[in-house]
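Enquirer: My questions will all concern the structure given below.
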Amino acid sequence: MADWAIPAEILDGAPRQPFVFAPEIFAAPEPGTFERSLSNRRAAEALAGGGSVLDVGCGGGAAAFAVAPPATEVIGTDRQTNMLELFEATARRRGIAASVVAGSWPEVAGDTPVADVVVCHNVLYNVADIGPFVTALDSRARRRVVIEITPKHPQDRRRMLWRHFWNLERPHEPTAATAVEAIAEAGFDPIVEESLLPEDPRAAVRREFEGGQWCRNLCLPPEREPEVAALIADVPFPNERVTIWWDAQS
């Protein structure tokens, strides 16, 4: 992951902190508007009799709320407090018991309640040391841990943006296979399944924010957003996913 770090000369000149995300991008779709993904189904299987789900790096809680019900309680952790505000607001609106823990994982694992199922979607590529991260996930799970990531780094299809604006080549590693190897090295025996995401009912909403988000990620000023949006208009975000799961060992 060190190879994905933004060079200091670019980062130092960034007008905004690059990897702060708009909560609207990660809002949970409304009940009845979506089909559960493979990862959602693996989590729901372990919640067949009800129970709690912990969403690590929850954003607005899309992974948790997709399985509530059967889950009767949702717990979210995230380093952005505005994500947790959206998570709590969604739970209130849907009448679901909820709690949140602010901070980065695994640092906040000890302050986080144990749940029946732990889910963690689209976070692993931000993790420098996977072993302690997944060990902490397992320590908070009574029944199952379900991780979902893209086969390659989510920025892989947009590497041309870094080349266009900064003449910077992005690496081709790590991949989902790299993550699985690291998880196995940490002492787990994960089941790995590949799938395509069902149609996203919020795709149009996310697309509205995409140009501005990528402009920020690229360390560019807001006035460059139209140029960024034009370049990514025909480059969809990947819908391929890898589900990595195991029944809790702790």
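Enquirer: Restricting the count to DSSP beta bridges whose residues both fall in the chain, what percent are antiparallel, rounded to a multiple of 5?
Expert: 40
Enquirer: Rounded to the nearest percent, how much of the accessible area of segment 61-182 (1.4 Å probe, protein heavy atoms only) is carbon and sulfur? Walk me through the intermediate numbers first.
Expert: Working: 2630 of 5110 Å².
That fraction is 51 percent.
Enquirer: Further question: Report the Cα-based extents of segment 120-166 along its three principal axes, largest first, to the nearest Å.
Expert: The Cα atoms of segment 120-166 stretch 47, 17, 11 Å along their principal axes.
Enquirer: Give, to the nearest whole percent, the P(r) tail of segment 1-87 beyond 19 angstrom, counting all Cα pairs.
Expert: The share of Cα pairs beyond 19 Å in segment 1-87 comes to 50 percent.
Enquirer: Using all Cα-Cα distances in the chain, what percent lands in each 10 angstrom bin from 0 up to the longest?
Expert: Histogram of Cα-Cα distances, whole percents per bin: 7, 31, 37, 20, 5, 0.
Enquirer: Still on this structure, please answer the following. Which of the peptides 69-79, 84-94, 23-33 is most tightly packed, and how do the rest follow, going by the mean number of other Cβ atoms within 10 Å of each residue?
Expert: 69-79, 84-94, 23-33
Enquirer: Now for a different question. Report, by chain and number, residues whose modeled amide H sits under 5 Å from the one on VAL100, excluding near sequence neighbours (fewer than 5 apart, same chain).
Expert: GLY76
Enquirer: For the chain, what does -39500 (n - 2.57) per DSSP helix run (n ≥ 4), summed and divided by total residues, give at 222 nm, in deg cm²/dmol to the nearest 500? Show your work: numbers first, answer last.
Expert: On the way: 9 runs with 81 residues, N = 250.
Computed mean residue ellipticity for the chain: -9000 deg cm²/dmol.
Enquirer: Rounded to the nearest Å, what's the spacing between the alpha carbon centres of segment 89-116 and segment 1-43? Just the number, please.
Expert: The two parts, judged by their Cα centres, are 18 Å apart.
Enquirer: Return the Rg/Rh ratio of segment 201-250 with Cα-based radii and a Kirkwood Rh. It would help to have the intermediate numbers written out before the result.
Expert: Numbers: Rg = 16.0 Å, Rh = 13.1 Å.
That ratio is 1.22, to two decimals.
Enquirer: So, one more: Identify, among THR81, PHE133, ALA109, the residue whose Cα sits farthest towards the positive end of the charge dipole of segment 76-217, taking +1 on the Cβ of Lys and Arg and -1 on the Cβ of Asp and Glu, with the dipole about the Cα centre.
Expert: Sorting the options by dipole projection puts first THR81.
Enquirer: Please report, in cubic angstrom per residue, the volume enclosed by the convex hull of the alpha-carbon atoms of segment 14-160.
Expert: Per residue, the Cα convex hull of segment 14-160 comes to 125 Å³.
Enquirer: Please state, to two decimals, what the Cα-based radius of gyration of segment 141-250 comes to when divided by 2.2 N^0.38 Å (N = residues).
Expert: That ratio works out to 1.30.
Enquirer: Give me a comma-separated list of calculated 3J(HN,Hα) values for segment 125-132, in order, Karplus coefficients 6.51, -1.76, 1.60 applied at θ = phi - 60°, integers in Hz, x for any Gly or Pro.
Expert: After applying 6.51 cos²θ - 1.76 cosθ + 1.60, I find 6, 9, 9, 7, 10, 5, x, x Hz.
Enquirer: Express the accessible area of segment 98-163 per residue in Å², computed with a 1.4 Å probe while the remaining protein chains stay in the model.
Expert: Solvent-accessible surface per residue comes out at 38 Å².
The values are calculated or read from the model by the stated rules, or taken from the named source; none is laboratory data. Bear in mind that the values here come from a model prediction, so they are computed numbers and not experimental data. All Cβ positions, even for glycine, are placed from backbone atoms using ideal geometry, and neighbour counts span all protein chains on display. Accessible surface areas use protein heavy atoms only, side chains included; no ligands, DNA or RNA. Shrake-Rupley method; radii C 1.70, N 1.55, O 1.52, S 1.80 Å.
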